[in-house]
1. Test Gly112 against the stated conditions and say whether it is open to solvent by less than 30 Å² (accessible area, probe 1.4 Å), modelled with pLDDT of 95 or more and within 20 Å of Ala34 (Cβ to Cβ).
2. I need a count of the residues in the range 42-67 that are open to solvent by less than 70 Å² (accessible area, probe 1.4 Å) and either in a loop (DSSP other than H, G, I, E, B) or in contact (Cβ under 8 Å) with a residue 40 or more places away in the chain (or both).
3. For Arg89, state whether it is open to solvent by 10 Å² or more (accessible area, probe 1.4 Å), more than 22 Å from Tyr24 (Cβ to Cβ) and part of a strand (DSSP E or B).
4. Could you list, in sequence order, the residues of the range 100-131 that are small (Gly, Ala, Ser) and under 16 Å from Gln68 (Cβ atoms)?
5. Give me a count of the residues in the range 11-41 that are among the aliphatic types (A, V, I, L, M), open to solvent by less than 70 Å² (accessible area, probe 1.4 Å) and over 18 Å from Arg67 (Cα atoms).
6. Could you tell me whether any residue of the range 122-137 is closer than 17 Å to Ile12 by Cβ, at pLDDT 95 or above, polar (S, T, N, Q) and out of contact with any Leu (no Cβ under 9 Å at 6 or more places or on another chain)?
7. Can you say whether Ala142 is buried (at least 18 other Cβ atoms within 10 Å of the Cβ) and either at pLDDT 95 or above or aromatic (Phe, Trp, Tyr) (or both), as far as the supplied structure shows?
8. Restricting to the range 23-41, give me the number of residues that are assigned to a loop (DSSP other than H, G, I, E, B), within 15 Å of Glu147 (Cα to Cα) and of a type outside the set (Phe, Trp, Tyr).
Amino acid sequence: MNPQRKITELQIELPPAPTAAGLYKPLLTIGGYAYFSGHLPLRSDGSMITGKVGRDLTLEEGTLSARQVGLNVLATLLASLGSLDRISRVVKILGMVNSSEGFHEHPKVINGCSELFKDLWGEDAGVGVRSAFGVSGLPGNASVEIEGIFELR
């Protein structure tokens, strides 16, 4: 699949690539892999989707938050690599959901990001290994944070 073309076909608008908010690199390429640091659900206007899924946000809103994180990851990849076509496959994503006590649908929330990547790279290359879990809080009360690894061409 050609992810650059799929972005156009699906009429996906990417937000500006987020900048590091601390002492880390948003993306690091080593040995044929691109490792991305934890990304948050920042909107194009710079605001962030915040709150606990299961209390402040519904499952559906949490899933949309994870999709927004995926869009930010794509923006970082594009800014750093010049083209999403340099990615050969998703290797791994780790999703953290800021969730209320008793909320247990963390994998469904992170599907928002996973489905976006599957749409761009296909059923095989777009789906890697994954972990998803709930946390008591995230930076700035973000609803979701996702980090991971891509294989480069």
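1. No, not satisfied.
2. So the count comes out to 16.
3. Yes, satisfied.
4. Gly112, Ser114
5. 3
6. no
7. The answer is yes for Ala142.
8. 4
The values are calculated or read from the model by the stated rules, or taken from the named source; none is laboratory data. Keep in mind that this is a model prediction, so the values were computed, not measured. Using ideal geometry, Cβ is built from the backbone for each residue, glycine included, and neighbour counts are taken over all protein chains shown. For the accessible areas, the whole protein counts, side chains as well, though only heavy atoms, and no ligand, DNA or RNA atoms are used. Shrake-Rupley method; radii C 1.70, N 1.55, O 1.52, S 1.80 Å.
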